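Notes follow the structure.
The values are calculated or read from the model by the stated rules, or taken from the named source; none is laboratory data. Since the model is a prediction, treat every value here as computed from it, not as a measurement. We place every Cβ from the backbone using ideal geometry, glycine too, and count neighbours over all the protein chains shown.
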Amino acid sequence: MRLVDDKLKVKLHPSVLVRALRAALRPGHFECQRCGSCCSAYTVCVTDSDAKRIIDLYGIPPHNFLTGVIVPDEVAHTYTGIPRFIGERGRGMVLALKEKDGRCVFNDGECEVYPARPLNCRAFPFLWLGGNKFKLNPDALFICKGIGKGGKYNFKKVFEEMALLEKEWKHYGVLVEEWNTRVRSGNVVPSTRNFIRFLLEEEEWGTRDST
């Protein structure tokens with residue numbers, strides 16, 4: 001997940017103290033405003049399982065919304081532990097949702113796949129620390145309008161989703177290793193499109209995009 005752009009922080013700075021105050025007065029309270037700010041501040045990394053949920057619920061071909069991203073060195077530390085598949089010209093890439101006009105391809109004012117949104121998105125604006133521990137994501141103060149609003153956040157549900165996400169990342173990591181082994185053996189041509197096709201074949205997703 002990339003860090004919030006410094007220009008964005010400056011632009012939204014006047015509202016940061018208000019959000020920080022709400023967070024202090026109503027700790028653990030959050031209600032998503034469907035504003036889409038988080039969808040333009042981060043690259044949304046996904047697993048094969050995340051993609052399958054979107055495919056199963058909406059029938060969208062994976063090539064329409066998945067892409068490979070090369071992680072810039074300056075934000076590499078925010079992608080720690082995310083498997084990299086070998087893509088174009090032998091470069092390591094992370095699987096992510098495509099972007100349009102600087103924001104997630106599914107964001108058109110609000111999330112178009114909210115019921116099937118990636119598990120990575122579901123903890124925001126909090127950071128999962130493992131077990132049943134969470135903390136407020138400091139970057140969220142600059143972009144999230146829902147901090148301190150609504151009822152008490154359902155941490156129990158998100159904990160269950162994060163535990164599932166941990167398992168899904170491990171499963172996805174195995175698939176990435178299998179793909180990378182095939183690339184190194186010269187059995188496949190490394191590209192994002194071919195990697196997505198590989199996932200289609202391995203995971204038997206509910207749709208096929210042969211283009």
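Taking the conditions (1) part of a loop (DSSP other than H, G, I, E, B); (2) out of contact with any helix residue (DSSP H, G or I) (no Cβ under 7 Å at 6 or more places or on another chain) in turn, Lys156 satisfies each one other than (1). If you check Ala140, Ala96 for being buried (at least 21 other Cβ atoms within 10 Å of the Cβ) and modelled with pLDDT under 85, only one passes: Ala140. Looking at Lys98, Lys149, can you tell me which residue is out of contact with any Ser or Thr (no Cβ under 9 Å at 6 or more places or on another chain) and either touching a residue at least 12 places away in the same chain (Cβ under 8 Å) or β-branched (Val, Ile, Thr) (or both)? After applying the criteria, what remains is Lys149. Screening the candidates Gly150, Gly109, Gly81 for the property of being surrounded by fewer than 20 Cβ atoms within 10 Å (Cβ to Cβ) and either touching a strand residue (DSSP E or B) at 6+ places or on another chain (Cβ under 7 Å) or of a type in the set (Lys, Arg) (or both) yields one hit, Gly150. For Leu66, the conditions (1) modelled with pLDDT of 90 or more; (2) surrounded by fewer than 20 Cβ atoms within 10 Å (Cβ to Cβ); (3) touching a Leu at 6+ places or on another chain (Cβ under 9 Å) all hold with the exception of (2). Of the residues making up region 14-52, just one is aliphatic (A, V, I, L, M), at pLDDT 85 or above and under 17 Å from Asp139 (Cα atoms), namely Val44.
Among the residues of region 184-195, is any assigned to a loop (DSSP other than H, G, I, E, B), at positive phi and among the small types (Gly, Ala, Ser)? Looking for residues that are assigned to a loop (DSSP other than H, G, I, E, B), at positive phi and among the small types (Gly, Ala, Ser), one finds at least one in region 184-195, hence yes.
Within region 58-101, the residues that satisfy the criterion of being closer than 22 Å to Phe198 by Cα and among the basic types (Lys, Arg) are Arg84, Arg89, Arg91, Lys98.
Exactly one residue out of Val105, Val44 is out of contact with any Cys (no Cβ under 8 Å at 6 or more places or on another chain) and of a type outside the set (D, E, K, R): that is Val105. Summed over region 167-187, residues that are surrounded by 13 or more Cβ atoms within 10 Å (Cβ to Cβ) and under 19 Å from Asn132 (Cα atoms) total 2.
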